[in-house]
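Let me begin by presenting the structure, written as C-alpha cells, before commenting on it.
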Amino acid sequence: SLKRAIMELGPTGHPFENLVGELLKLQGFSVKVAGIVQGLCVSHEVDVVAERSGRHIMVECKFHNEQGIKSDVKVALYVEARFQDVQKAWQKDPSHTQKFHEAWLVTNTQLTSDAIDYASCVGMKAIGWNYPEQGSLQDLIEQTGLHPLTCLTTLSRSNKRVLLDKGLVLCKDV
C-alpha cells in the first residue's frame, strides 16, 4: 500500500522532505530541500523552500512512521510562528536574504480538525494523507506517478534502507 510505503521512508523525515520537494517540482516550483533561514528572533531549519512566479513558500514536512498519529493544531501553530518570525525579519530589513509569502504544512498522516481550521484561518496551506479533498498527499503522488522506492515489492527492507541512505527516494531513481 502507498501509505505503508511512505511510512517506510523513516525513521528520519529527510526522505519524505525529498519526496515533497519532487512533488512540488512537478507542479512548476523551483525547490531547495533543507535549509537554514534567519528569522528576526532565531534561525529556523526549513524543510523545503519552494518558489514559483515570484511567490516564495516555506514548507514544513511532518513525517510519522506509525499508523494512527495525527498532526494536530500544535504543529500548525509551530509552523505559523516560524513563518511569522522569518516574515518579520524580511519586513524589518528588505535586504534580508530570504522572504516567504506563504507557509505550508505537509504531512503523511491525517490532520486534526483543529489543525485544519487553524491553517485555514491564518492562510496556511495544509496537505495531509487525505486532506484536502482534492490535492491530498495521496492524490498528488498518484497523479504525478512519483512513488517512493519503498513501494517496490521486489526489494527487501534492507535493500530499501541502503538506497534511502544513499539519497534515493523515488522508484524512478532506481
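Quick check on segment 140-152: of everything there that is open to solvent by less than 40 Å² (accessible area, probe 1.4 Å) and in a helix (DSSP H, G or I), which residue is farthest from G167 (Cα to Cα)?
Keep residues of segment 140-152 that are open to solvent by less than 40 Å² (accessible area, probe 1.4 Å), which gives 140-141, 146, 148-150.
Pick out the ones that are also in a helix (DSSP H, G or I) and you get 140-141, 149-150.
Values: L140: 21, I141: 19, L149: 11, T150: 13 Å.
Result: L140.
Pick from C41, C61: which is modelled with pLDDT of 95 or more and surrounded by fewer than 14 Cβ atoms within 10 Å (Cβ to Cβ)? Please lay out each step first, then the result.
Details: C61 fails: surrounded by fewer than 14 Cβ atoms within 10 Å (Cβ to Cβ).
Only one candidate passes the filter, namely C41.
If you check E17, E51, which single one turns out to be without any contact (Cβ under 8 Å) to a residue 24 or more places away in the chain, touching a Phe, Trp or Tyr at 6+ places or on another chain (Cβ under 8 Å) and either surrounded by 17 or more Cβ atoms within 10 Å (Cβ to Cβ) or not hydrophobic (A, V, I, L, M, F, W, C) (or both)? Only one candidate passes the filter, namely E51. Regarding R52, is this residue in contact with a His (Cβ under 6 Å, 6 or more places away or on another chain) and at pLDDT 95 or above? In short, no. If you go through segment 26-39 one residue at a time, do you hit one that is assigned to a helix (DSSP H, G or I) and under 13 Å from the mean Cα position of the chain (by Cα)? No - not one qualifying residue is present in segment 26-39. Consider segment 156-171 and keep the residues that are out of contact with any Ser or Thr (no Cβ under 7 Å at 6 or more places or on another chain), in contact (Cβ under 8 Å) with a residue 12 or more places away in the chain and not β-branched (V, I, T). The one that is surrounded by the most Cβ atoms within 10 Å (Cβ to Cβ) is L164.
For the subset of segment 1-14 comprising residues that are over 15 Å from I69 (Cα atoms) and in contact (Cβ under 8 Å) with a residue 60 or more places away in the chain, which member is most open to solvent (accessible area, probe 1.4 Å)?
L2
If only residues of segment 90-139 that are hydroxyl-bearing (S, T, Y) and under 15 Å from the mean Cα position of the chain (by Cα) are counted, the one that is most open to solvent (accessible area, probe 1.4 Å) is Y131. When Q67 is tested against (1) assigned to a helix (DSSP H, G or I); (2) in contact (Cβ under 8 Å) with a residue 12 or more places away in the chain; (3) open to solvent by 60 Å² or more (accessible area, probe 1.4 Å), exactly one condition is not met: (1).
Of the residues making up segment 157-174, those that are of a type in the set (K, R) and assigned to a helix (DSSP H, G or I) are R157, K160, R161, K172.
Condition check ((1) modelled with pLDDT of 95 or more; (2) in a helix (DSSP H, G or I); (3) touching a Phe, Trp or Tyr at 6+ places or on another chain (Cβ under 7 Å)) across all residues:
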{"site": "H56", "(1), (2), (3)": "no, no, yes"}
{"site": "K74", "(1), (2), (3)": "yes, yes, no"}
{"site": "R82", "(1), (2), (3)": "yes, yes, no"}
{"site": "W90", "(1), (2), (3)": "no, yes, no"}
{"site": "K99", "(1), (2), (3)": "no, no, yes"}
{"site": "A119", "(1), (2), (3)": "yes, yes, no"}
{"site": "L155", "(1), (2), (3)": "no, no, no"}
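Only one entry of V86, V174 meets the criterion of being among the aliphatic types (A, V, I, L, M) and surrounded by 20 or more Cβ atoms within 10 Å (Cβ to Cβ), and that entry is V86.
The values are calculated or read from the model by the stated rules, or taken from the named source; none is laboratory data. As the structure is a prediction and not an experimental result, all values here were calculated from the model. Note that each Cβ is placed from the backbone with ideal geometry, even for glycine, and that neighbours are counted across all protein chains shown. Accessible surface is based on the protein model in full, side chains and every heavy atom, while ligands, DNA and RNA are left aside. Shrake-Rupley method; radii C 1.70, N 1.55, O 1.52, S 1.80 Å.
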